[in-house]
Amino acid sequence: MRILVTTPTGRIGSRIVENLLPSGHALTLFARDPNKLTAEVRAAARVVQGSLDEPVRLAEALEHSDVAFFLLPPPAHDTPHWRQWQEETGRAFAEAAMRNGVARVVFLSSTGAQHDDVGAISGLGAVERTLTAVLPNVLSIRAGYFMENFFGSLPTVASPGAVFGVFDADAPLQIVATSDIGDLATTWLSDGSWSGHHVIGSHGPAPLTQTEVVTILGEVLERPVTYVRIPPSALRDALLQAGVPPLIAHGYEEMMGGLSHHLDAGDYLGEPRTPQTSGAVTFRAFAEQQLRPAFAAQFADV
């Protein structure tokens, strides 16, 4: 099959590319910066340079594609409205895919996309609806909270020895490695037999509470780690202080605040856990293989 992968230099897109390269499928990679691709990858695939909000480049990438992986990254920092950008870009992708005869689209969405008060995650839900209104065969993968997000907590783990977050300490959360999301997407991209509209989750092997997360971190890093719940506004202020653009900082405040609300209410997860949606990477294995080396490299003297 002829498969298009958007965002092929990101964690999920690059995993899909890694999986598909040996498969014999004809790959097109739509990359903002092709220089981030290895020489091996560039030699083995058709590469189109551009971004999702460039219609001519997008049409070129979609041309002669049977199936497409579609991931919406955060918008440019000078974008006026995150949700509006999502919906406009999603509509443009759907219409371009239809014009180019793309048979199937695998779309990366998020846990919580069924709700309308979760900021950019609700925007992904709107894109789900647009894709299914325009295209006959769409799979939306509603992924859980990325394990990779805990890289951002390493500085506060070093000092004062805490993970700060907006979720209740004892509420079970679906936490998943991006490699498992990429593997699940690969399965559907390389299967030419499915049809219709589908929504599935992408979960880790088991849900974890924040209390369980910091216990594992403490054991792996061999240091005491506590969890401190903060309001979404404190998350926004910390992001702004770190130099994150206001669009993104306020967007995360709305998004994480909405997720926290629905996690507390017990209705944030809309997709059943199945053997297919349960990834292989445990948080302990992720912490041992990725967080511990990163922590040692950054905070060797702590």
Task: Filter result (more than 22 Å from the chain's Cα centre (by Cα) and not small (Gly, Ala, Ser)) within segment 49-67 - done: 55, 56, 57, 60, 63, 64, 66
- [ ] Provide a single number: the residues in segment 118-161 that are of a type in the set (A, V, I, L, M, F, W, C), within 18 Å of residue 220 (Cβ to Cβ) and surrounded by fewer than 22 Cβ atoms within 10 Å (Cβ to Cβ).
- [x] 4
Open item on the list: Filter segment 213-239 down to the residues that are out of contact with any Asp or Glu (no Cβ under 7 Å at 6 or more places or on another chain), at pLDDT 95 or above and either surrounded by 19 or more Cβ atoms within 10 Å (Cβ to Cβ) or of a type in the set (A, V, I, L, M, F, W, C) (or both) and list them by number.
Closed with: 213, 214, 216, 217, 221, 225, 227, 228, 230, 234
Open item on the list: Consider segment 104-117. How many of its residues are surrounded by fewer than 21 Cβ atoms within 10 Å (Cβ to Cβ) and without any contact (Cβ under 8 Å) to a residue 40 or more places away in the chain?
Closed with: 1
Open item on the list: On the basis of being touching a residue at least 12 places away in the same chain (Cβ under 8 Å), among the charged types (D, E, K, R), assigned to a helix (DSSP H, G or I) and surrounded by fewer than 17 Cβ atoms within 10 Å (Cβ to Cβ), does residue 57 make the cut?
Closed with: yes
TODO: Could you tell me which numbered condition residue 91 fails, if it satisfies all but one of (1) over 25 Å from residue 248 (Cα atoms); (2) in contact (Cβ under 8 Å) with a residue 24 or more places away in the chain; (3) charged (D, E, K, R)?
DONE: (1)
- [ ] Residue by residue through segment 27-77, note down the ones that are farther than 25 Å from residue 136 by Cβ and hydroxyl-bearing (Ser, Thr, Tyr).
- [x] 38, 51
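The values are calculated or read from the model by the stated rules, or taken from the named source; none is laboratory data. Quick caveat: nothing in here was measured; it's all calculated off a predicted structure. With ideal geometry, Cβ positions are generated from the backbone for all residues, glycine too; neighbour counts draw on all protein chains shown.
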